[in-house]
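Notes for the one structure printed next.
No lab work stands behind these numbers, since they all come straight from the coordinates. If you're wondering where the values come from, they're calculated on a predicted model, not measured in any experiment. Quick reminder, even Gly has a Cβ in these numbers, built from the backbone with ideal geometry, and neighbours come from all protein chains shown.
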Amino acid sequence: MESKSIGVLTGGGDCPGLNAAIRAVTKTAIVRGYRVFGFRDGLSGLMEEDYEELDMSKTSGIIDRGGTILGTTGIDPASIEDYAPEGARLFEKLNMKALIIIGGNTTLTIASRLYDKGLPIVGIPKTIDNDVVGTDFSIGFHTAVEIATNALDRLRSTAESHNRVMMLEVMGRDSGWIATYAGLANGADAILIPEIPVDVDNLCDMLVHRFGTGKRFSVVVVAEGARIGGASYKEGGKLGGVSRALEAMIQEHTGLESRTTLLGHVQRGGTPIAYDRILATTYGVKAIDLIDGGQFGHMAALQGSQVKAVPLAEAADVLKMVDLDVFRIAEIFFG
Ligand code: F6P
């Protein structure tokens, strides 16, 4: 009997650490006697049967490489709603025991639906947003925090030189995890996140008070999904730009010179830090363990110091919002 195979794909926004996960999945699977098929460009590659066999050489030397060697795309969940029967035929054609789907909220929700319809699916959580329920951290988050923290550190020195309010707008979609962690690491004077309505008057009062105490500069980190008066901000149809609105409000309310930087996709690019390489590797090995154990419909997840199996259904259709206990720690150091 030909050896069983395992499929793997990366879906949704890319992030540092994806290649470390692909490497771990491939090497562990081959050592355990599986063939590995990598589907290109996420779930669209699965539906189009666009795949290549992965082996040790193709996944050698990629642990530190940003992005994903398989490519990725986001798809409309409706476009894959009736895919299961076709998928079953593909799995049989390739002798596939299971498919590993590496993704964030939307992709893992689709993974959960495909499992519910009978396909043997295992998930790995990745997204710089860290908003996947059931796992403490998703692949890519800590690297994005490192990048954002470095940017805040740099903005602090120029803010101090010019006696300015410097704002950094970071990604995170509808959660404020990157802003909270990077702000905590930098010692930001304010952190604005979707989980807490922005109080512009309170922010301006803090900035003016800080200037009055001799600290004639401030650093503020703003999550792109932060809301003013209940409204989030978009530019060109994409979430973002709230910090530009705040820059004008601060200048008008306080007279303080303000500048803002939108960090954007820099947070998604480049080499993963060691933490994400390790997290991705442990998730990749766990995914093969789940397949060997027949534990489909689950994803690898970090809870405390343990890598566990969490039902995909737990991560579907829900966002993990910021743990406000962490935010409250950062808040001690505001102003
Ligand atoms: O989900 C990851 C993420 O980077 C979000 O933080 C951000 O809002 C979004 O993707 C950007 O999407 P795109 O890459 O399609 O512009």
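Looking at region 141-269, what % of its DSSP beta bridges pair antiparallel, to the nearest 5?
That works out to approximately 15 percent antiparallel.
Near the amide H of HIS298, under 5 Å away, which other amide H atoms are found, from residues 5 or more places off or on another chain, if H is placed in the peptide plane?
Counting only residues 5 or more places away or on other chains, the set is GLY123, LEU312.
Would you check the chain for Lys pairs whose C-alpha atoms are within less than 17 Å, ignoring same-chain pairs closer than 8 in sequence, and give me the count?
Here the count comes out as 12.
Sort SER218, SER175, SER57 by Cβ crowding within 10 Å, fewest neighbours at the top.
Ordered by Cβ neighbours within 10 Å, fewest first: SER57, SER175, SER218.
Suppose every Lys and Arg Cβ carries +1 and every Asp and Glu Cβ carries -1, with no other charges. What dipole size does the chain come out with about its Cα centre, to the nearest 20 debye?
That gives the chain a dipole magnitude of about 760 debye.
When only C-alpha pairs under 8 Å and at least 6 residues apart count, what is the relative contact order of region 218-335, in percent? Could the numbers behind the result be given before it?
Working: 73 pairs, mean separation 13.7, N = 118.
12 percent.
Please report the orientation-averaged projected area of the chain, defined via the convex hull of its C-alpha atoms, in nm².
17.0
Quick one: which residues, 5 or more positions from LYS308 or on another chain, have an amide H under 5 Å from its amide H? H modelled 1.01 Å from N in the peptide plane, none for Pro or chain starts.
ALA301, LEU302, GLN303
If you count, for each residue, the other Cβ atoms within 10 Å and average over each peptide, how do 280-288, 327-335 line up from highest to lowest?
280-288, 327-335
Taking the 0 to 90 degree range and rounding to the nearest ten, how far is the long axis of helix 177-186 tilted relative to the main principal axis of the chain, both from C-alpha atoms?
Once rounded, the angle reads 50 degrees.
Given the options GLY264, GLY33, GLY172, state which has the largest fluctuation in a GNM of the chain using a 10 Å cut-off (strictly under) for Cα springs.
Result: GLY33 has the largest fluctuation of those listed.
Which value at 222 nm does the chain reach when only helices count, each DSSP H run of 4 or more adding -39,500 (n - 2.57), with the total divided by all residues and rounded to the nearest 500 deg cm²/dmol?
-12000 deg cm²/dmol
Counting alpha carbon pairs within less than 8 Å and at least 6 residues apart, what relative contact order, in whole percent, applies to the chain?
After rounding, I find 23 percent.
³J(HN,Hα) across region 137-146 via Karplus (A = 6.51, B = -1.76, C = 1.60, θ = phi - 60°), whole Hz, x for Gly/Pro?
The phi angles translate into 9, 9, 4, x, 5, 5, 5, 5, 5, 4 Hz.
In degrees, nearest 10, range 0 to 90: what is the angle between the Cα axis of helix 274-292 and the longest Cα principal axis of the chain?
So the helix axis and the longest Cα principal axis differ by about 30 degrees.
For a footprinting-style exposure proxy, rank CYS15, CYS204 by other Cβ within 10 Å, fewest first.
Ranking CYS15, CYS204 by Cβ neighbours within 10 Å, fewest first, gives CYS204, CYS15.
Please work out the C-alpha center-to-center distance from region 189-258 to region 77-93 and express it in whole Å.
Answer, in whole Å: 46.
Under a 5 Å amide H to amide H cut-off, with H placed in plane at 1.01 Å, what residues pair with ILE139 once short-range neighbours are removed?
Those qualifying (amide H under 5 Å, at least 5 residues apart or on another chain) are LYS126, THR127.
Run the dipole for region 141-269 about the Cα centre, Lys and Arg Cβ at +1, Asp and Glu Cβ at -1, nothing else charged, and hand back the magnitude in debye, nearest 20.
280
Put +1 on the Cβ of each Lys and Arg and -1 on the Cβ of each Asp and Glu in the chain; which of GLY118, ASN150, HIS265 then has its Cα farthest toward the positive end of the dipole?
The listed residue farthest towards the positive side: ASN150.
Helix 200-212 sits at what angle to the longest principal axis of the chain, using alpha carbons and giving 0 to 90 degrees rounded to 10?
With both axes taken from Cα atoms, the answer is about 60 degrees.
What does region 141-269 give for Rg and for Dmax, in Å, if only its C-alpha atoms count?
Looking at region 141-269, its Cα Rg and Dmax stand at 13.4, 41 Å.
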